[in-house]
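Undergrad: Before I ask anything, let me first share the structure, which is written out below as structure tokens.
The values are calculated or read from the model by the stated rules, or taken from the named source; none is laboratory data. All values reported here derive from a predicted model rather than from experimental measurement. Every residue, glycine as well, gets a Cβ built from its backbone with ideal geometry; the counts of neighbours run over all protein chains shown.
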Amino acid sequence: MIVELGHFALCLALAAAIVQSVVPLVGALRGSASGMRVADTAAQVQFLGAAGAFAALTYGFVVSDFSLRVVALNSHSAKPMLYKVTGVWANHEGSMLLWVVMLALFGVMISVFGKMIHTPVRAIVLAVQAMIGVGFYLFILLTSNPFDRLPMPPLDGQGMNPLLQDPGVAFHPPLLYLGYVGFSTAFSFAVAALITGRIDPAWARWMRPWVLIAWSGLTAGIALGSWWAYYELGWGGFWFWDPVENASFMPWLIGTALLHSAIVVEKRNALLTWTILLAILTFSLSLIGTFLVRSGILTSVHAFATDPERGAFILLLLFLAIGGALTLFAWRANKIGEGGVFALWSRETGLLVNNLLLTAACGVVFVGTLYPLALEMVTGDKITVGAPYFNQTFLPIFAFTMLAASVGPFLSWKRARKDVVLRRLVVTLAVSVSGTLSMSFVWLGFDAVGLFGVFVAVFLLVATLQDLAGRIGLPGVPASVALRRLMGLPRSAWGLYLGHTGVAIAAAGVVVVSIWSSEVILTVKKGEPVRVGPYDYTLMDIENTTGPNYQTSIASVHVSKKGEALTVLFPERRWYPVEQKPTTEAGIETRWHGDLYAVLGDPNGQGGFVVRYYYNPGVPWMWLGAVLMSLAALISLADRRLRIGAPGGRKLPMPQPAE
């Protein structure tokens, strides 16, 4: 009965989305207040329906209702409860249901917390959100119904991929979807701006909180997925330029550009057309990512769908959403203009350069990700675009992006004094070079490429701290005055400084672990020491035991340095009988400077075991940087200026309905 109620709730959500996509839009075009008010009610009904359907599917997983096809194929009665719940979205049907729940959640949040938004704009935003929802509700009901019943239910289920039975990956998809789906709000605001002509600082301020939420969620989701790959897959790596990884990275890059561009609109009423285009492209890339992962075009632990019908349906949604928005943009963009003018030496120019570099970086990833797929479709040839391509193309562009982000805060709005900026840069350069050389001599050693990467990260960090010091008056005021000014900074300023600091720390970690990590892969016997960088690893013992739904072998690996015992690592090798699959659990000891890392492999039949030992310097910095970036967006979100109005600008005439 609960399952049938869930199916009904999903159909109710579709009906509410259809009403929400039509009535408020017509009301906004005709100036009907009653028609526009329908948007709020319909958004709330749609959310209740989607949430009810999701709750019903969750119930099916929790009670192990194997009459549901999706439960029988993706769960098992012996699974721990955590993975029964998270198994709801660890499959194609459930993940798409989570997608529409997130979409409905953003809609209802706009209806409840967006009362400051101009009524016609809010009505059209909610209507566009609902149009996206209609497409995905139809996709679920017609091709991916999570409530399909089996005529002859099995006694037990087939289980879930053991790699997905992990806390890290359990919460990775919801955070990713918070970003993917959250960027739909930017798309909807862009379409509403093109329809109403409301393109001004107020519009940017209305949009920015939703972009901050999405960007924070996507940042956390990408970092959590990277962390999971690092400790779960046992390869000692955190990023492999896999197409599925790139699918989430591309909207993050353009979303970062959008955040900075929206600031220019809000502060200077400039870059209007460019900001609208970025808003459309950000969500378009989210949809392309959904297509790559859910269409069956890719084979991955993340990709569940293999039915061509599903891929064709998503491709149709892509064509309608992206094509429709870009057509509207082409029709109305020439009437918008770019707003205010600014000098070459200005913060606006700095942010524009930042935007162009981020867009170029995204273009490089886009080509490297989709070119092999396009080539295979056209010629049948299969090629792989791997790390060498991305390292040689993406990394230099991103390095210049970080340098641009370093200079940007030194520039004032509209017109900056070149001599003042250059003097500040000389100080930043001197401190950064000194810091980089010190790290080289004391710890890292010499590697030209690696030291340049470290220098770029240090340069951004020093520039950020230097700008913060100047803003609170240091070193020209007493410490008590500086502290008072520091505590009085707007939260958006705290977000800026924390965000740039996070980027610098994460980038430094990426460079250090990529260049200076140590790795040893060999077969060892118990008691045999192995040198890994400055450390000695010794396999001491292996214990066989059982977990909730797996069998495991747990090794004890003692780590020492110069004869002094430091720690014991406990890598595992697990076997899941239901799924008939093995997994590894790395043994990791995290220290401020890096990770001691061990992986247990197969026995060789002669008393030895294959092991992987690593010393990964800089890895903790990556996770710290990611946390700071995600937190920075949430702190900026708390700025009270995002909850009040902003001065309005000129308006374009609204398109008139046909007679």
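Undergrad: Taking region 20-39 on its own, how many of its residues are of a type in the set (V, I, T) and crowded, with 18+ Cβ neighbours inside 10 Å?
TA: Total satisfying the criteria: 2.
Undergrad: Still on this model: I'm checking my understanding of the structure. Among residues of region 318-349 that are of a type outside the set (V, I, T) and within 14 Å of K267 (Cα to Cα), which one is surrounded by the fewest Cβ atoms within 10 Å (Cβ to Cβ)?
TA: E338
Undergrad: With M96, M102 as the choices, which residue is surrounded by fewer than 24 Cβ atoms within 10 Å (Cβ to Cβ), in a helix (DSSP H, G or I) and of a type in the set (A, V, I, L, M)?
TA: M102
Undergrad: If we keep just the residues of region 487-498 that are of a type in the set (A, V, I, L, M, F, W, C) and buried (at least 17 other Cβ atoms within 10 Å of the Cβ), which is nearest to H260 (Cα to Cα)?
TA: The selected residue is L496.
Undergrad: Now a separate question. Consider V378 carefully, then state whether it is of a type in the set (A, V, I, L, M), out of contact with any Lys or Arg (no Cβ under 8 Å at 6 or more places or on another chain) and more than 21 Å from L285 (Cβ to Cβ).
TA: Against the criterion (of a type in the set (A, V, I, L, M), out of contact with any Lys or Arg (no Cβ under 8 Å at 6 or more places or on another chain) and more than 21 Å from L285 (Cβ to Cβ)), V378 qualifies.
Undergrad: Further question: What's the number of the only condition in (1) among the hydroxyl-bearing types (S, T, Y); (2) closer than 11 Å to D156 by Cα; (3) assigned to a helix (DSSP H, G or I) that Y59 fails to meet?
TA: Here Y59 meets the rest and fails (2).
Undergrad: Considering only residues that are polar (S, T, N, Q), surrounded by fewer than 24 Cβ atoms within 10 Å (Cβ to Cβ) and touching a helix residue (DSSP H, G or I) at 6+ places or on another chain (Cβ under 7 Å), which ones fall in region 40-63?
TA: If we filter region 40-63 for residues that are polar (S, T, N, Q), which is where we start, we get 41, 44, 46, 58.
So of that shortlist, the ones also surrounded by fewer than 24 Cβ atoms within 10 Å (Cβ to Cβ) come out as 41, 44, 58.
Listed by number, the residues that qualify are Q44, T58.
Undergrad: Quick check on my filter: what residues within region 572-598 are over 26 Å from A506 (Cβ atoms) and outside any strand (DSSP E or B)?
TA: Passing the criteria: P577, V578, E579, Q580.
Undergrad: Does G52 satisfy the condition of being of a type outside the set (A, V, I, L, M) and either at positive phi or more than 31 Å from the chain's Cα centre (by Cα) (or both)?
TA: no
Undergrad: May I pose another question? State the number of residues belonging to region 428-449 that are under 17 Å from G618 (Cα atoms) and either assigned by TED's automatic domain parsing to the domain that holds G533 or among the hydroxyl-bearing types (S, T, Y) (or both).
TA: Qualifying residue count, region 428-449: 3.
Undergrad: OK, next. Which one of these does A303 not meet: (1) over 17 Å from Y177 (Cα atoms); (2) modelled with pLDDT under 90?
TA: Answer for A303: the failing condition is (1).
Undergrad: Among the residues of region 371-389, which ones are aliphatic (A, V, I, L, M), assigned to a helix (DSSP H, G or I) and surrounded by 12 or more Cβ atoms within 10 Å (Cβ to Cβ)?
TA: L373, L375, A387
Undergrad: Let me ask something additional. What number of residues in region 211-243 are over 20 Å from P167 (Cβ atoms), surrounded by fewer than 21 Cβ atoms within 10 Å (Cβ to Cβ) and among the aliphatic types (A, V, I, L, M)?
TA: 1
Undergrad: Quick check on region 346-383: of everything there that is more than 25 Å from A399 (Cβ to Cβ) and under 24 Å from the mean Cα position of the chain (by Cα), which residue is modelled with the highest pLDDT?
TA: Once the filter is applied, the top-ranked residue is P372.
Undergrad: Write out, first by first residue and then by second, each pair whose Cβ atoms fall under 9 Å of each other, whose residues are 6+ apart or on separate chains, and whose first residue, in region 317-336, is within 16 Å of Q129 (Cβ to Cβ) and free of Cβ contacts under 8 Å to residues at least 12 places away in the same chain while the second is surrounded by 17 or more Cβ atoms within 10 Å (Cβ to Cβ) and among the hydrophobic types (A, V, I, L, M, F, W, C).
TA: Between residues of region 317-336 that are within 16 Å of Q129 (Cβ to Cβ) and free of Cβ contacts under 8 Å to residues at least 12 places away in the same chain and residues that are surrounded by 17 or more Cβ atoms within 10 Å (Cβ to Cβ) and among the hydrophobic types (A, V, I, L, M, F, W, C), the close pairs are G324/M131; G324/V191.
Undergrad: Within region 161-181, work out how many residues are over 13 Å from G87 (Cβ atoms) and either within 9 Å of the chain's Cα centre (by Cα) or part of a loop (DSSP other than H, G, I, E, B) (or both).
TA: Final tally of qualifying residues: 6.
Undergrad: Okay, moving on. Of the residues A632, A586, which single one is buried (at least 17 other Cβ atoms within 10 Å of the Cβ), in contact (Cβ under 8 Å) with a residue 60 or more places away in the chain, among the hydrophobic types (A, V, I, L, M, F, W, C) and more than 20 Å from L233 (Cα to Cα)?
TA: Criteria check complete, one pass: A632.
Undergrad: Report whether or not T501 is over 23 Å from D602 (Cα atoms) and either touching an Asp or Glu at 6+ places or on another chain (Cβ under 6 Å) or touching a residue at least 40 places away in the same chain (Cβ under 8 Å) (or both).
TA: Judged against the criteria, T501 is a match.
Undergrad: Would you mind stating whether L12 is modelled with pLDDT of 95 or more, in contact with a Pro (Cβ under 6 Å, 6 or more places away or on another chain) and surrounded by 17 or more Cβ atoms within 10 Å (Cβ to Cβ)?
TA: Answer is no for this residue.
Undergrad: State whether one or more residues within region 550-566 are among the polar types (S, T, N, Q) and either closer than 24 Å to T256 by Cα or not in a strand (DSSP E or B) (or both).
TA: No.
Undergrad: Out of curiosity, is I521 touching a Pro at 6+ places or on another chain (Cβ under 9 Å) and either modelled with pLDDT of 90 or more or of a type in the set (S, T, Y) (or both)?
TA: no
Undergrad: Are there any pairs with C-beta distances below 8 angstrom linking a residue in region 49-76 that is among the charged types (D, E, K, R) to a residue that is assigned to a helix (DSSP H, G or I), with the two at least 6 apart or on different chains, and if so which?
TA: Close Cβ pairs (under 8 Å, with a partner that is assigned to a helix (DSSP H, G or I)) amount to D65/V3; D65/Y59; D65/V71.
Undergrad: Please go through region 541-572 and give me each residue that is among the hydrophobic types (A, V, I, L, M, F, W, C) and surrounded by 12 or more Cβ atoms within 10 Å (Cβ to Cβ), ordered by number.
TA: Hits for region 541-572 are I542, I554, A555, V557, V559, L566, V568, L569, F570.
Undergrad: Looking only at region 459-478, how many residues end up being assigned to a helix (DSSP H, G or I) and surrounded by fewer than 19 Cβ atoms within 10 Å (Cβ to Cβ)? Steps first, please.
TA: The initial filter retains those residues of region 459-478 that are assigned to a helix (DSSP H, G or I), namely 459-471.
The next check asks that each one be surrounded by fewer than 19 Cβ atoms within 10 Å (Cβ to Cβ); those that pass are 465, 469-471.
Matching residues across region 459-478 total 4.
Undergrad: Let me ask something else. Taking region 115-136 on its own, how many of its residues are more than 24 Å from the chain's Cα centre (by Cα) and of a type outside the set (A, V, I, L, M, F, W, C)? Working first, answer last.
TA: Taking region 115-136 as the starting set, the residues that turn out to be more than 24 Å from the chain's Cα centre (by Cα) are 115-124, 127, 134.
This time we only want the ones that are of a type outside the set (A, V, I, L, M, F, W, C), so: 115, 118-120, 122.
The number of residues fulfilling the criteria is 5.
Undergrad: Taking the conditions exactly as written (under 23 Å from the mean Cα position of the chain (by Cα), closer than 24 Å to D242 by Cβ, surrounded by fewer than 19 Cβ atoms within 10 Å (Cβ to Cβ) and modelled with pLDDT of 80 or more), does L292 satisfy them or not?
TA: no
Undergrad: When the residues of region 258-273 are filtered to those that are among the polar types (S, T, N, Q) and in a helix (DSSP H, G or I), which remaining residue is surrounded by the fewest Cβ atoms within 10 Å (Cβ to Cβ)?
TA: My answer is T273.
Undergrad: Next up: Among the residues of region 55-93, which ones are touching a Pro at 6+ places or on another chain (Cβ under 6 Å) and small (G, A, S)?
TA: Taking region 55-93 first, the residues touching a Pro at 6+ places or on another chain (Cβ under 6 Å) are 57, 66-67, 70, 72, 80, 89, 93.
Scanning region 55-93 gives S67, A72.
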